[in-house]
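Each remark here refers to the structure printed beneath this line.
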Amino acid sequence: MRLRLMNRIYISILMSSLLLVSCDRTIEPTKHINRLPSIFPDYTDVTIPCNIAPMDFQLNRAENLETQLVISGGETTFQVEGKQGDFDIPIKKWKPLLEAQKGKDITFTVCFLDGKQWTAYQSFTMHVAADRIDPWMAYRLIPPGYGIWNSMGIFQRCLEDFTEKAIMENRLTEYNCMNCHCFQNGNPKKMSLHIRGRHSGSVLCEQGSVTKIEPQMPKGMKGIAYPYWHPTKDYIAFASDQVAQSFYANHRNRIEVYDTRSDIVVYDTHTGIAHTAPYMSDPGVWETFPAFSADGKTLYWSAADTVPSPYPIHYDKAHFSVIRTSFDPKTCTFGAKPDTLLRAGNTASFIYPRESPDGRWMVYNRMAYGYFPLNHKEGDLYIRDMKTGKSRLMVKANSKDAEGYHSWSRNSRWLVFASRRMDGLFTRPYFTYIDKKGNCTKAFVLPQRHPKHYYDNQFDSYNIPELITGEVKVMAHKIAKTVW
């Protein structure tokens, strides 16, 4: 009996060893193809954070191929078996490799079995930046139904792995609309969120507590949207607007979002008062998308002269400039006069001015007209040197389709932005590295496990991607209870 038991143990160990060898076999390519592999997503020659999740990808047209991926960097080399060309990189091997290769390259070689010989494509690299990216990102997932929806929510994703969690879902509030999530300087413990429909309103989430925002608005104003927190003080800038949308019957841009009225206010969360200035609430001007400077002493917004009614017919004449005024954080007061930072003229609109946290750079969107760049295929990202005042197109980050909302990491080195480049329909979050000279790198889409399957079956758009320094831990039922 004891001999039989020993034999069984021996056979079990032997079979486990053979299985390990077969899974981790070292391949030796005998044939080489002098071209890069066709992969999805296109991660060739991108710059990645040193704390990013595994950059899994799919070899296209590999359904009937036996494939292997060789990953090497420094003294480390390991292989990943591709199941029909789907390379799922082990995080336990990926993380130490990233740490060891800070400031250096990682090499990827895709191989496939052609008959009895292994064939290798031309290798490509990913450069590992020594600068980390903020570890979490918050965003809304929304189906592109425009006027009708049955489910949406504000979610958060850990960028260091594939963890995704819901912050708030509209199934808790009778499936109404929710949007405009915003954080103070990337702090997950200070968030605001807007809910529309029945029992509508904005909520303030601070240190786990949730309260409803009920501002004392200036005369003639009501409603708040498009928030932006002051970097250090408890002020939130809002647009007080009435939003509308129109659909085109025959136009390269399917939809237009516009306001019938729009002004700027700054809400003091302690007093409950919303402050404005005459030049921020001009009835003949649409003012929208406010943002504070990195030091909190300047307030930016975009503004355009109103166009004749009916607005949809004349809206291509709405050209938004970037306006700024001084702001005193001690008294919540504005400068006597504003000035124009980016003048639109009659050929462009400038939207979403966002200073880097170190104040060195500003990224903004430019399109032909209007203020909603994701609905404009010509919408592009630009970067402005705040020392010299010179702007330039972010060529490596842009695409032939729409680029929209963007958010900085706290170290001013990473930018996440929304783009429709993948299919022209759904917005996805893309990342680009910005060096000390303001140069950007080739953008890459948010990593996912089994990315081809994920993005082919993801029918929600990522809306307002915001980089944050940690996980949002406020309980969803608290938010629902507060607004209900």
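The values are calculated or read from the model by the stated rules, or taken from the named source; none is laboratory data. As the structure is a computational prediction, the values presented were derived from the model and not from experiment. All Cβ positions, even for glycine, are placed from backbone atoms using ideal geometry, and neighbour counts span all protein chains on display. Note: accessible area is taken over every heavy atom of the protein model, side chains too, but ligands, DNA and RNA are not part of it. Shrake-Rupley method; radii C 1.70, N 1.55, O 1.52, S 1.80 Å.
From TYR267, TYR315, TYR279, TYR300, which residue is open to solvent by less than 40 Å² (accessible area, probe 1.4 Å), aromatic (Phe, Trp, Tyr) and in a helix (DSSP H, G or I)? TYR315 is the lone residue from the list that is open to solvent by less than 40 Å² (accessible area, probe 1.4 Å), aromatic (Phe, Trp, Tyr) and in a helix (DSSP H, G or I).
Name every residue in region 123-174 that is assigned to a loop (DSSP other than H, G, I, E, B), under 29 Å from GLY208 (Cβ atoms) and open to solvent by 40 Å² or more (accessible area, probe 1.4 Å), in order of residue number.
Within region 123-174, ARG132, TRP149, SER151, GLU160, ASP161, PHE162, THR163, GLU174 meet the criteria.
Counting only residues that are open to solvent by less than 30 Å² (accessible area, probe 1.4 Å) and under 16 Å from ASP114 (Cα atoms), region 62-84 holds 5 of them.
Where strands (runs of 3 or more DSSP E) fall wholly inside region 397-448, the ranges with 3 or more residues that are more than 14 Å from VAL363 (Cα to Cα) and at pLDDT 95 or above are 428-433.
Out of ARG428, ARG410, ARG421, ARG360, one residue alone is open to solvent by less than 10 Å² (accessible area, probe 1.4 Å), of a type in the set (D, E, K, R) and more than 24 Å from GLU287 (Cα to Cα). It is ARG428. The set of residues in region 377-406 that are in contact with a Phe, Trp or Tyr (Cβ under 8 Å, 6 or more places away or on another chain) and farther than 24 Å from ASP45 by Cβ comprises ARG384, ASP385, MET386, SER391, GLY404, TYR405.
For region 85-122, name all the residues that are small (Gly, Ala, Ser), open to solvent by less than 50 Å² (accessible area, probe 1.4 Å) and either closer than 19 Å to ILE39 by Cβ or modelled with pLDDT under 95 (or both). Those that are small (Gly, Ala, Ser), open to solvent by less than 50 Å² (accessible area, probe 1.4 Å) and either closer than 19 Å to ILE39 by Cβ or modelled with pLDDT under 95 (or both): GLY85, ALA120. Checking each residue in region 449-467 for being touching a strand residue (DSSP E or B) at 6+ places or on another chain (Cβ under 7 Å) and not in a helix (DSSP H, G or I) picks out HIS450, ASP460, SER461, TYR462, ASN463, ILE464, PRO465, GLU466, LEU467.
Say whether the condition of being surrounded by fewer than 16 Cβ atoms within 10 Å (Cβ to Cβ), of a type outside the set (Val, Ile, Thr), touching a residue at least 12 places away in the same chain (Cβ under 8 Å) and not in a loop (DSSP other than H, G, I, E, B) is met by at least one residue in region 333-340. Yes, region 333-340 has at least one match. Just to be sure before I move on: is VAL483 at pLDDT below 95, buried (at least 18 other Cβ atoms within 10 Å of the Cβ) and either touching a Cys at 6+ places or on another chain (Cβ under 9 Å) or not hydrophobic (A, V, I, L, M, F, W, C) (or both) in the structure I sent? No, not satisfied.
Among the residues making up region 290-317, those that are under 24 Å from the mean Cα position of the chain (by Cα) and either of a type outside the set (Phe, Trp, Tyr) or closer than 17 Å to GLN245 by Cα (or both) are PRO290, ALA291, SER293, ALA294, ASP295, GLY296, LEU299, SER302.
Residue pairs whose Cβ atoms lie under 8 Å apart, separated by 6 or more positions or on different chains, with the first residue in region 210-224 and over 21 Å from ARG261 (Cα atoms) and the second charged (D, E, K, R) and in a loop (DSSP other than H, G, I, E, B), do not occur. Only a single criterion out of (1) under 27 Å from ALA368 (Cα atoms); (2) open to solvent by less than 10 Å² (accessible area, probe 1.4 Å); (3) not charged (D, E, K, R) is not satisfied by ILE468, namely (1).
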